[in-house]
Amino acid sequence: MRPRLSALLLALALPAAAAELPTLPPLPTTPPPGELGRMVKLGRELIMHTDTAPLTRALVGNKLTCASCHIDGGTTNTPGTFVGTATAFPAWSKRERTVQTLQDRIDNCFMRSMNGKRPIIDSEASIAMAAYVTWLSEGQPMRMNPVKPVTPLFASRWPDKQYAPMFRRATHADYLHGAQVYAARCAACHGADGAGVGSFPPVWGKDSYNAGAGMSKPVKMASWVEHNMPLGNANLTPREVADVVLYVDAQPRPAFDLRQHLLPAARMGLYNSKVLDEKSTVRSNLRAVGVDLDALRGDAAH
Ligand code: HEC
Ligand code: HEC
């Protein structure tokens with residue numbers, strides 16, 4: 001009985017895993033004419049070259065672009081896609097404890113993933129990026145989301161639920177395994193010191209995302225890495241994903257203190273959030289998934 005049962009479970013499990021990523025609807029090919037089209041194209045430019053584009057570079061505090069995580073400008077069928085995103089807004093955000101617009105959602109990334117300053121709502125950069133992200137949902141039905149500000153393509157599978165229990169059980173041995181996976185599968189592009197190589201972006205250190213970013217929360221990073229990295233060859237097992245994520249998210253990166261990422265009051269415009277006192281560090285992000293940083297890294301005296 002037993003081998004047959006496991007064969008049956010395997011047969012059931014395989015198609016489920018293969019069907020995990022959504023199928024993309026047809027994407028728009030030509031931006032609309034006139035000034036709207038100009039804004040869509042400008043928005044794409046800002047998302048691809050956020051750290052160097054004249055309208056956004058002063059607001060970016062690291063060496064990343066939006067497209068470092070929103071691969072191919074958010075046009076893939078993997079986590080980080082922008083396809084469908086605009087159809088979910090306005091949407092409830094638990095993090096800010098308000099209903100957020102698409103511009104809010106976009107601009108808040110500058111404080112966290114870009115370790116910079118939040119653009120002003122309705123500034124040209126903010127509208128242009130929202131125009132581009134909206135264009136990618138052209139023709140898709142509205143699906144307002146009362147629970148989370150996420151594209152319908154991933155609303156039910158983000159973040160991946162298998163990782164939280166794996167992190168709760170994590171040990172120093174898992175961390176060492178993560179270091180091996182990093183050396184074998186990531187370091188060629190991201191550097192042994194995490195600082196990036198050439199045009200490949202930094203994954204830790206002062207030029208990477210800060211401890212307030214989604215990517216610095218291990219469950220979210222694992223859900224993203226599983227389907228996006230190694231770039232072009234995302235074939236790690238869940239165990240490898242969990243361990244390499246713990247390794248990367250246990251390395252040093254800028255701490256997050258929300259108030260330091262808002263422009264001065266006279267220039268910041270409206271900040272639509274009920275949460276102004278958020279602080280996060282590498283240590284607190286790991287504690288939130290039940291991991292003690294010192295024990296994980298083997299730094300503790302015990
Ligand atoms: C370091 C990686 C990283 C960078 C850089 C980054 N993001 Fe994100 N972004 C994420 C992750 C991870 C999520 C998943 C949501 C979460 O945090 O729950 C996300 C979610 C989003 C969403 C919601 C999309 C959806 O449907 O779920 C938008 C919009 C967005 N980011 C815009 C941007 C913009 C615009 C930039 C550049 C200014 C940017 N992001 C830079 C990692 C990043
Ligand atoms: C073949 C080169 C390559 C390999 C190998 C690779 N990456 Fe990446 N990675 C990239 C590129 C390039 C980007 C930015 C996306 C883009 O430009 O399309 C990126 C982006 C990232 C990001 C988000 C941006 C940032 O810098 O924080 C993370 C996190 C990341 N990779 C983690 C990993 C991990 C973990 C591994 C190993 C399991 C890995 N990568 C392997 C090339 C690579």
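The values are calculated or read from the model by the stated rules, or taken from the named source; none is laboratory data. Keep in mind it's a predicted model, so treat the numbers as computed, not measured. Methodologically, a virtual Cβ is constructed for each residue, glycine included, from the backbone with ideal geometry; neighbour enumeration extends over all protein chains shown. Calculation scope for accessible area: heavy atoms of the full protein, side chains included, ligands and nucleic acids excluded. Shrake-Rupley method; radii C 1.70, N 1.55, O 1.52, S 1.80 Å.
Out of the residues in the stretch 79-102 meeting the condition of being open to solvent by 30 Å² or more (accessible area, probe 1.4 Å), touching a helix residue (DSSP H, G or I) at 6+ places or on another chain (Cβ under 9 Å) and not basic (K, R), tell me which one is nearest to ligand 2 (Cβ to nearest atom). Checked the stretch 79-102; the qualifying residue nearest to ligand 2 (Cβ to nearest atom) is T101. Within the stretch 150-177, restricting attention to residues that are within 16 Å of ligand 1 (Cβ to nearest atom) and small (G, A, S), the residue that is surrounded by the fewest Cβ atoms within 10 Å (Cβ to Cβ) is S156. Listed here are the helices (runs of 4 or more DSSP H) enclosed by the stretch 52-171 that have at least 2 residues being under 20 Å from A265 (Cα atoms): 102-111, 124-135. Against the numbered list (1) of a type outside the set (A, V, I, L, M, F, W, C); (2) more than 11 Å from ligand 2 (Cβ to nearest atom); (3) surrounded by fewer than 22 Cβ atoms within 10 Å (Cβ to Cβ), T76 comes up short only at (2). Among the residues of the stretch 180-190, those that are open to solvent by 30 Å² or more (accessible area, probe 1.4 Å) and of a type in the set (G, A, S) comprise A183, A184, A188. Considering each residue of the stretch 136-149 in turn, at least one proves to be crowded, with 17+ Cβ neighbours inside 10 Å, more than 9 Å from ligand 1 (Cβ to nearest atom), within 21 Å of the chain's Cα centre (by Cα) and at pLDDT 95 or above. Residue selection: S223 fails the criterion of being within 16 Å of ligand 1 (Cβ to nearest atom), open to solvent by less than 20 Å² (accessible area, probe 1.4 Å) and in contact with a strand residue (DSSP E or B) (Cβ under 9 Å, 6 or more places away or on another chain).
What number of residues in the stretch 230-249 are among the hydrophobic types (A, V, I, L, M, F, W, C) and surrounded by fewer than 23 Cβ atoms within 10 Å (Cβ to Cβ)?
Residues meeting the conditions: 3.
Among the residues of the stretch 194-209, is any acidic (D, E), in a loop (DSSP other than H, G, I, E, B) and surrounded by 15 or more Cβ atoms within 10 Å (Cβ to Cβ)? Taking every residue of the stretch 194-209 in turn, at least one turns out to be acidic (D, E), in a loop (DSSP other than H, G, I, E, B) and surrounded by 15 or more Cβ atoms within 10 Å (Cβ to Cβ). Filtering I71, I127 for residues that are open to solvent by 20 Å² or more (accessible area, probe 1.4 Å), in contact (Cβ under 8 Å) with a residue 60 or more places away in the chain and over 21 Å from K220 (Cα atoms) leaves a single hit, I127. Of the residues screened, V275 is not one that is more than 19 Å from the chain's Cα centre (by Cα), of a type in the set (A, V, I, L, M, F, W, C), away from ligand 2 (no atom under 16 Å from the Cβ) and open to solvent by less than 20 Å² (accessible area, probe 1.4 Å).
Only one entry of S93, S113 meets the criterion of being more than 8 Å from ligand 1 (Cβ to nearest atom), among the small types (G, A, S) and in the same structural domain as R44 (by TED's automatic domain parsing), and that entry is S93. Residues that are modelled with pLDDT of 95 or more and outside any loop (DSSP other than H, G, I, E, B) are absent from the stretch 8-20.
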